[in-house]
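Chemist: Take this structure, written in structure tokens, and hold onto it; I'll ask about it next.
The values are calculated or read from the model by the stated rules, or taken from the named source; none is laboratory data. These numbers come from a predicted model, not from an experiment. Neighbour counts run over all protein chains shown; Cβ positions are idealised from the backbone, glycine included.
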Amino acid sequence: MAVLCLENFPLTVLAQSIVPANDGTNTIVQPNGSRFDITGGQTSADGANLFHSLSQFGLDANQIANFISTPSIQNILSRVTGGNPSVINGLIQVTGGNANLFLMNPAGVLFGANASLNVPASFTATTATNIGIGNGYFNASGVNNYASLMGTPSSLSFATSQTPGAIINGGNLAVGEGANLTLVGGTVVSIGNLSAPGGQIVVETVPDQSMVRISQPGHLLSLEISTPTSSITPLSLPELLTGSSSVSGIGVNSFGQVELTGAGIPIENGDVAVKSAISHTATLSAQHNLTLVESQLETTGDLNLLAQDTVRIRDSVTNSFLAQAGGNLYIRGNLGIDILALNHPVTPFQSGGDLSLVSDGIISGDAHFASGRQFSILNLAGNPGIFISLYDPIISANGDVTFGDYIGVALKVESTGSISAGNITITGPDTSLSGSDPDIAILTSSPSIILRAGLTSLVNSPNVPTTKEGTNFTSSTPSTVGSITVTSIDTSAKNKETAGTVILSSANGNITSGTITANIPNKGTAGDVTLTALGSITYGEINAKSRSNSEKGTPGQITITAGSNPSQSYTGFAAGNTIGTTINPPPGTNPGTTPGTNPGTNPG
């Protein structure tokens, strides 16, 4: 694990003044009180791109960096060549035009608590070594042929043999309506606020020797391999923080590791951590781990949370977590997804579109999820993925729900479409559930499972998303009629006194299940099993027995109601004074066929 460690590097990072580089770019910095007017520079042959070269770039509180533009300039691109990180604790602004602003410093960028933006268009801060424009590159060091750099910036290259420089934001970085806000570096930590109303937020970390293409809205970023050419040595994240009091909420512990204050989670090279982001669309993408602690993430469109390693999400009793997308909410951790978010008053994960959790590792979801369309837990190949939960898993979807095997506490899934699941093993009650959930008595008292499909609407109001910040949660048309398909269900009590309840309800479809086990091996109470479908019901064996050697317990009640053929329905315990209930498919039928008038009850 490449944890960011503080080595013997006696660096004190302080805010610097703004100093033009003596390299022929002809950038002019004119102090005017607390404001630095930045003029001159070089332009591309078509006059659309303006380039600046600075040896130092930093701002103290109340200072202003004023990039002066003209109406004909579309992009202002400024590099910092001196090898020191930019510590910005003031205002960056563009006046005189509507240009996008790019700030490139391979050594690192730190936005302090007082940092802010006043730019008319999009803003990009990066620790890249060059920016691709047309067929050429704007290099962070050395000579540039500025006249030839015509066109729109299209890529960021990190041509270094070390982890690219870090970006830290402790301020309030906001762009105007419809503009984009982009932070790309080797490690990116944003403890402050990011805002791009109507636009796109991109926060991404990349490895050395790589290139990232600047994406269009709605498209994820892509990485390519680049050749190292930079002579600038980037600072590690601990080095960037040493001696700086500009940012709170992040620090270096006694082991030299960078941690989010109060969370105890180390930040490693290649990680992304974001506290707050509000925009139309947002992509947070980490080369290693994506860490979201007490984060507030709100988009009116799609929200993508991506990690090559693990997506880690935490909240606290005092500060809840929220990921709310008006479009699709896509969470992918290639090696794992680790969610512990129990303190939101309604539902911490909300989408107007599809809600997807994708990983080839363990997907641990201790939270409530509410999807405006489909909900799915998948592996990277697109097949149903493994899902575990130790605390309070509740899923609501205005569409289909798909997941593979589940192991964990009492689970509740409600959908207007169909539900498809693998082997479900319930290990205990959901003792974390609170509030007004109508099924709270069942879920908190035993290892139970509730699957309800084909609902006309999600009547379980505590678990349904609400409209906020322009986010639109509209009901979709389910892709299927509302059937339930489960490989097997086990709510048996193991060594406990009470087995769990099984409730499968399909309002307008069929139920297909393998073995359902709600028995108890010791003296105690087995679980009740209730299967209700408008269509047919197909199952393997239903076991709701209770026994311990010769001791008798209380068997569970089995209720099967098949609306398409009332004669297939069944209600009862075992016949006579017995200690167990098992229902098998009737003799002479295929395994799993709904019982007829003789349900095939096998006592004991």
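Chemist: Any chance you could count how many residues in region 529-543 are buried (at least 24 other Cβ atoms within 10 Å of the Cβ) and within 14 Å of G500 (Cβ to Cβ)?
Modeler: So the count comes out to 3.
Chemist: Restricting attention to region 87-97, does a residue exist that is in a strand (DSSP E or B), touching a strand residue (DSSP E or B) at 6+ places or on another chain (Cβ under 7 Å) and more than 25 Å from G192 (Cβ to Cβ)? Reasoning before the result, please.
Modeler: From region 87-97, those in a strand (DSSP E or B) are 87-88, 91-95; that's our starting set.
In the following step, the residues that additionally are touching a strand residue (DSSP E or B) at 6+ places or on another chain (Cβ under 7 Å) were identified as 87-88, 91-95.
Subset that is more than 25 Å from G192 (Cβ to Cβ): none.
No, region 87-97 contains no residue that is in a strand (DSSP E or B), touching a strand residue (DSSP E or B) at 6+ places or on another chain (Cβ under 7 Å) and more than 25 Å from G192 (Cβ to Cβ).
Chemist: I would also like to ask the following. Determine, yes or no, whether F102 is assigned by TED's automatic domain parsing to the domain that holds S279, at pLDDT below 95 and aromatic (F, W, Y).
Modeler: no
Chemist: How many residues does region 497-517 hold that are assigned to a loop (DSSP other than H, G, I, E, B) and touching a residue at least 60 places away in the same chain (Cβ under 8 Å)? Even if it seems obvious, please write down each step before you answer.
Modeler: If we filter region 497-517 for residues that are assigned to a loop (DSSP other than H, G, I, E, B), which is where we start, we get 497, 499-501, 507-510, 514-515.
Then drop every residue that is not touching a residue at least 60 places away in the same chain (Cβ under 8 Å), which leaves 500, 509, 514.
Qualifying residue count for the region: 3.
Chemist: Now a separate question. Just for strands (runs of 3 or more DSSP E) wholly inside region 363-407: which have at least 3 residues that are within 18 Å of the chain's Cα centre (by Cα) and either free of Cβ contacts under 8 Å to residues at least 40 places away in the same chain or farther than 25 Å from G482 by Cβ (or both)?
Modeler: Qualifying strands (runs of 3 or more DSSP E): 375-378, 387-389.
Chemist: Out of A323, A307, report the one residue that is under 21 Å from A397 (Cβ atoms), small (G, A, S), surrounded by 24 or more Cβ atoms within 10 Å (Cβ to Cβ) and within 10 Å of the chain's Cα centre (by Cα).
Modeler: Numbers: A307 fails: under 21 Å from A397 (Cβ atoms).
None of the other options fit; the residue is A323.
Chemist: Right, something else. Please work out which residue is surrounded by the fewest Cβ atoms within 10 Å (Cβ to Cβ), limiting yourself to region 122-164 and to residues that are within 27 Å of the chain's Cα centre (by Cα) and in a loop (DSSP other than H, G, I, E, B).
Modeler: S122
Chemist: Shifting gears a bit: If you check T431, T444, T456, which single one turns out to be surrounded by fewer than 19 Cβ atoms within 10 Å (Cβ to Cβ), under 19 Å from I511 (Cα atoms) and not acidic (D, E)?
Modeler: The conditions single out T456.
Chemist: Is it the case, given these coordinates, that N105 is in contact (Cβ under 8 Å) with a residue 24 or more places away in the chain and surrounded by 24 or more Cβ atoms within 10 Å (Cβ to Cβ)?
Modeler: Working: in contact (Cβ under 8 Å) with a residue 24 or more places away in the chain: yes; surrounded by 24 or more Cβ atoms within 10 Å (Cβ to Cβ): yes.
Here the answer is yes, as N105 does meet what is asked.
Chemist: When the residues of region 43-62 are narrowed to those that are in contact with a strand residue (DSSP E or B) (Cβ under 7 Å, 6 or more places away or on another chain) and not hydrophobic (A, V, I, L, M, F, W, C), which ends up surrounded by the most Cβ atoms within 10 Å (Cβ to Cβ)?
Modeler: N49
Chemist: List the strands (runs of 3 or more DSSP E) that sit entirely inside region 275-317 and contain at least 3 residues that are touching a strand residue (DSSP E or B) at 6+ places or on another chain (Cβ under 6 Å) and not hydrophobic (A, V, I, L, M, F, W, C).
Modeler: On the way: elements: 290-293, 296-299, 303-307, 310-314.
Fully inside region 275-317 and qualifying: 296-299, 310-314.
Chemist: Just need a number here: residues in region 108-141 that are of a type in the set (G, A, S), over 21 Å from G198 (Cα atoms) and in contact (Cβ under 8 Å) with a residue 40 or more places away in the chain.
Modeler: 8
Chemist: I've got another one for you. Would you be able to say whether some residue in region 12-21 is part of a strand (DSSP E or B), at pLDDT below 95 and within 30 Å of D271 (Cβ to Cβ)? Write out each step before concluding.
Modeler: Residues of region 12-21 part of a strand (DSSP E or B): 19-20.
Remaining after also requiring at pLDDT below 95: none.
There is no residue in region 12-21 that is part of a strand (DSSP E or B), at pLDDT below 95 and within 30 Å of D271 (Cβ to Cβ).
Chemist: Among the residues of region 414-434 satisfying the criterion of being under 14 Å from Y391 (Cβ atoms) and part of a loop (DSSP other than H, G, I, E, B), which is modelled with the lowest pLDDT?
Modeler: Checked region 414-434; the qualifying residue modelled with the lowest pLDDT is S434.
Chemist: Working carefully through the options N66, N62, N22, N26, find the one that is free of Cβ contacts under 8 Å to residues at least 24 places away in the same chain and polar (S, T, N, Q). Write out each step before concluding.
Modeler: On the way: N66 fails: free of Cβ contacts under 8 Å to residues at least 24 places away in the same chain; N62 fails: free of Cβ contacts under 8 Å to residues at least 24 places away in the same chain; N22 fails: free of Cβ contacts under 8 Å to residues at least 24 places away in the same chain.
Going through N66, N62, N22, N26 in turn, just one is free of Cβ contacts under 8 Å to residues at least 24 places away in the same chain and polar (S, T, N, Q): N26.
Chemist: Is it the case, given these coordinates, that S295 is of a type outside the set (A, V, I, L, M) and under 11 Å from the mean Cα position of the chain (by Cα)?
Modeler: Criteria met by S295.
Chemist: Now for a separate question. Quick one: is T39 out of contact with any helix residue (DSSP H, G or I) (no Cβ under 8 Å at 6 or more places or on another chain), in a strand (DSSP E or B) and β-branched (V, I, T)?
Modeler: On the way: out of contact with any helix residue (DSSP H, G or I) (no Cβ under 8 Å at 6 or more places or on another chain): yes; in a strand (DSSP E or B): yes; β-branched (V, I, T): yes.
Yes, satisfied.
Chemist: Before we move on, is L357 assigned to a loop (DSSP other than H, G, I, E, B) and of a type outside the set (D, E)?
Modeler: Considered against the rule, which asks whether it is assigned to a loop (DSSP other than H, G, I, E, B) and of a type outside the set (D, E), L357 comes out as no.
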